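Engineer: Below is the structure I would like to discuss, written out as C-alpha coordinates.
The values are calculated or read from the model by the stated rules, or taken from the named source; none is laboratory data. Every value quoted in this text rests on a predicted model; they were computed, and no experiment measured them. Quick reminder, even Gly has a Cβ in these numbers, built from the backbone with ideal geometry, and neighbours come from all protein chains shown. For accessibility, only protein heavy atoms count, side chains too; no ligands or nucleic acids. Shrake-Rupley method; radii C 1.70, N 1.55, O 1.52, S 1.80 Å.
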Amino acid sequence: MASDLIRSPAVRLLHARQDHAICLRLAASYRQRIAAGETDQREAHAWALGNARRLRLIVAELSGAN
(Lines give C-alpha, C1' and ligand atoms only; values in the text may rest on other atoms or scores of the structure.)
Protein backbone atom coordinates (compact mmCIF):
# COMPACT_ATOMS: atom_id res chain seq x y z
CA MET A 1 0.00 0.00 0.00
CA ALA A 2 1.39 3.40 -0.99
CA SER A 3 0.51 5.09 2.31
CA ASP A 4 2.57 2.47 4.21
CA LEU A 5 5.62 3.57 2.25
CA ILE A 6 5.16 7.16 3.37
CA ARG A 7 4.45 6.57 7.07
CA SER A 8 7.38 5.96 9.39
CA PRO A 9 7.51 2.70 11.39
CA ALA A 10 6.75 4.64 14.58
CA VAL A 11 3.60 6.12 13.06
CA ARG A 12 2.53 2.73 11.70
CA LEU A 13 3.00 1.25 15.20
CA LEU A 14 0.99 4.06 16.78
CA HIS A 15 -1.87 3.62 14.30
CA ALA A 16 -1.88 -0.16 14.74
CA ARG A 17 -2.05 0.24 18.53
CA GLN A 18 -4.90 2.75 18.21
CA ASP A 19 -6.82 0.52 15.80
CA HIS A 20 -6.28 -2.48 18.10
CA ALA A 21 -7.74 -0.56 21.04
CA ILE A 22 -10.73 0.55 18.96
CA CYS A 23 -11.43 -3.03 17.89
CA LEU A 24 -11.28 -4.23 21.50
CA ARG A 25 -13.77 -1.53 22.54
CA LEU A 26 -16.07 -2.47 19.66
CA ALA A 27 -15.90 -6.15 20.60
CA ALA A 28 -16.77 -5.31 24.21
CA SER A 29 -19.71 -3.21 23.06
CA TYR A 30 -20.99 -5.97 20.80
CA ARG A 31 -20.55 -8.51 23.62
CA GLN A 32 -22.72 -6.36 25.91
CA ARG A 33 -25.37 -6.04 23.20
CA ILE A 34 -25.35 -9.81 22.67
CA ALA A 35 -25.75 -10.34 26.42
CA ALA A 36 -28.71 -7.94 26.34
CA GLY A 37 -30.40 -10.17 23.76
CA GLU A 38 -29.26 -8.65 20.47
CA THR A 39 -28.00 -11.92 19.03
CA ASP A 40 -27.73 -10.36 15.55
CA GLN A 41 -24.52 -8.70 16.78
CA ARG A 42 -22.56 -11.98 16.89
CA GLU A 43 -21.08 -11.54 13.42
CA ALA A 44 -19.97 -7.97 14.21
CA HIS A 45 -18.44 -9.20 17.49
CA ALA A 46 -16.50 -11.92 15.66
CA TRP A 47 -15.32 -9.38 13.08
CA ALA A 48 -14.06 -6.97 15.76
CA LEU A 49 -12.25 -9.76 17.64
CA GLY A 50 -10.68 -11.04 14.44
CA ASN A 51 -9.38 -7.59 13.56
CA ALA A 52 -8.08 -7.07 17.11
CA ARG A 53 -6.14 -10.34 16.86
CA ARG A 54 -4.71 -9.40 13.46
CA LEU A 55 -3.71 -5.96 14.72
CA ARG A 56 -2.11 -7.46 17.84
CA LEU A 57 0.17 -9.48 15.55
CA ILE A 58 0.99 -6.38 13.50
CA VAL A 59 1.81 -4.45 16.68
CA ALA A 60 4.08 -7.27 17.85
CA GLU A 61 5.84 -7.33 14.48
CA LEU A 62 6.28 -3.56 14.37
CA SER A 63 7.45 -3.44 17.99
CA GLY A 64 10.18 -5.94 17.19
CA ALA A 65 11.30 -3.83 14.24
CA ASN A 66 11.95 -0.76 16.40
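Engineer: If a residue must be of a type in the set (A, V, I, L, M, F, W, C) and surrounded by 12 or more Cβ atoms within 10 Å (Cβ to Cβ), how many such residues does the range 29-43 contain?
Structural biologist: 1
Engineer: Based on this model, can you work out whether Ala46 counts as small (Gly, Ala, Ser) and either open to solvent by 50 Å² or more (accessible area, probe 1.4 Å) or not in a helix (DSSP H, G or I) (or both)?
Structural biologist: yes
Engineer: Pull out all pairs, ordered by first then second residue, where Cβ-Cβ is under 8 Å, the residues are six or more apart or on different chains, the first lies in the range 3-32 and is within 15 Å of Ile58 (Cβ to Cβ), and the second is not in a helix (DSSP H, G or I).
Structural biologist: If the second residue must be not in a helix (DSSP H, G or I), the pairs left are Pro9/Asn66; Ala10/Asn66; Leu13/Asn66; His15/Arg7.
Engineer: Which members of the range 11-50 meet the condition of being of a type in the set (D, E, K, R), touching a helix residue (DSSP H, G or I) at 6+ places or on another chain (Cβ under 8 Å) and within 30 Å of Gly64 (Cα to Cα)?
Structural biologist: Arg12, Arg17, Asp19
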